[in-house]
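The values are calculated or read from the model by the stated rules, or taken from the named source; none is laboratory data. Every value quoted in this text rests on a predicted model; they were computed, and no experiment measured them. Cβ placement follows ideal geometry from the backbone for every residue including glycine, while neighbour counts extend to all protein chains displayed. Note: areas computed on protein heavy atoms with side chains; ligands, DNA, RNA excluded. Shrake-Rupley method; radii C 1.70, N 1.55, O 1.52, S 1.80 Å.
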Amino acid sequence: MDYQTQMKIRRALRKPLVTYLFLAMQIVAFLLMTLDGGSTSIETLVRYGAKFNPLIVLGQWWRLITPMFLHIGVVHLIMNSVILYYLGAQLEAVFGHWRYFVLYFFGGIAGNAASFAFSESVSAGASTALFGLFGSTLVLAKLYRGNPAIQIMSRNFSLLILLNLLFGLFSTQVDLAGHMGGLAGGYLLSYVLTTPVVRFKLTQRRAVFGLLYIGLLIVLIVIGVGNYIWW
């Protein structure tokens, strides 16, 4: 492989390709919903895969995934897309493509599972996955103690996390359970994944956090199903 080809590959790897992919998926989904009944229509949202607890209990478990790519109204889409673009680009550069993909995807699943467990509302939005990314910034501050840039980024996003959680306490339109679930999921997953630069030497420690994440999902799903079986 010649030098120019190597440089092209390196430049491509530095681009936030996974972030672009997630952005494209949610924009395409929004356009499809807009043309098929509107993104603010409950019927359309449910048809396209929003979190709807009764259908999840009946076996549509994919609804723990699809909501993170759907949005309710253009303002919702723009806000989450802007956050995803700026936060995602930074974190994808730190974690690398595949770790970042796992972090976003499974952080979002944890958030949607928490929403399934503690909220009966029909919900959608990338915020469950975005809070998974927020959770990772708290871990990065511990993994990169000697890196001033990482420390500043972590402090800035810690303030944003706090403001969002406080806002969620006073707004019925915010899925606070989904946000907190995503935050917890992203926090645990970041210890499991670590980064290409920083790796835990003790595999057992990473395994413990992995088991904690799996345990969190199981507990949330059991609670969500139990809300229908027991009552």
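Some observations on this one:
- As a ratio to 2.2 N^0.38 Å, the alpha-carbon radius of gyration for the chain is 1.04.
- Accessible surface computed residue by residue for segment 73-195, with neighbouring protein chains in place and a 1.4 Å probe, gives 42 Å² per residue.
- The residues packed around Glu92, meaning those with a beta-carbon under 11 Å from its beta-carbon, carry a net charge of +3 if Lys and Arg are +1 and Asp and Glu are -1.
- In plain terms, the chain is cut at each of the trypsin sites (Lys or Arg not before Pro) found in a DSSP loop with at most 12 other Cβ atoms within 10 Å, and the longest leftover piece is 1-144.
- Entry for segment 12-140 at q = 0.09, 0.12 Å⁻¹: log10 I(q)/I(0) = -0.24, -0.43, Debye formula applied to identical alpha-carbon scatterers, no solvent contribution.
- Taking other residues whose beta carbon is less than 12 angstrom from the beta carbon of Lys51, and scoring Lys, Arg as +1 and Asp, Glu as -1, yields -1.
- Expected 222 nm ellipticity per residue - DSSP helices of 4 or more, -39500 (n - 2.57), all of the chain, to 500: -25000 deg cm²/dmol
- Distance histogram in 5 Å bins (all Cα pairs of segment 61-101, percent per bin): 5, 20, 20, 21, 22, 11, 1
- With Cα atoms as the point set, segment 65-131 shows a radius of gyration and Dmax of 12.2, 36 Å.
- Axis of helix 17-35 versus longest Cα principal axis of the chain: the two differ by about 20°, to the nearest ten degrees.
- Rg ratio for segment 30-82: its Cα radius of gyration over 2.2 N^0.38 Å, N being its residue count, equals 1.13.
- Under 5 Å between amide hydrogens, built in the peptide plane, is the criterion, and for Ser123 it picks out Lys51 among residues at least 5 positions away or on other chains.
- Separation between Cα centres of segment 78-122 and segment 19-73, rounded to whole Å: 15 Å
- Ratio Rg/Rh, restricted to segment 82-191 and using Cα atoms, in which Rh is the Kirkwood radius: 0.97
- Accessible heavy-atom area order of His97, His71, highest first, probe of 1.4 Å: His97, His71
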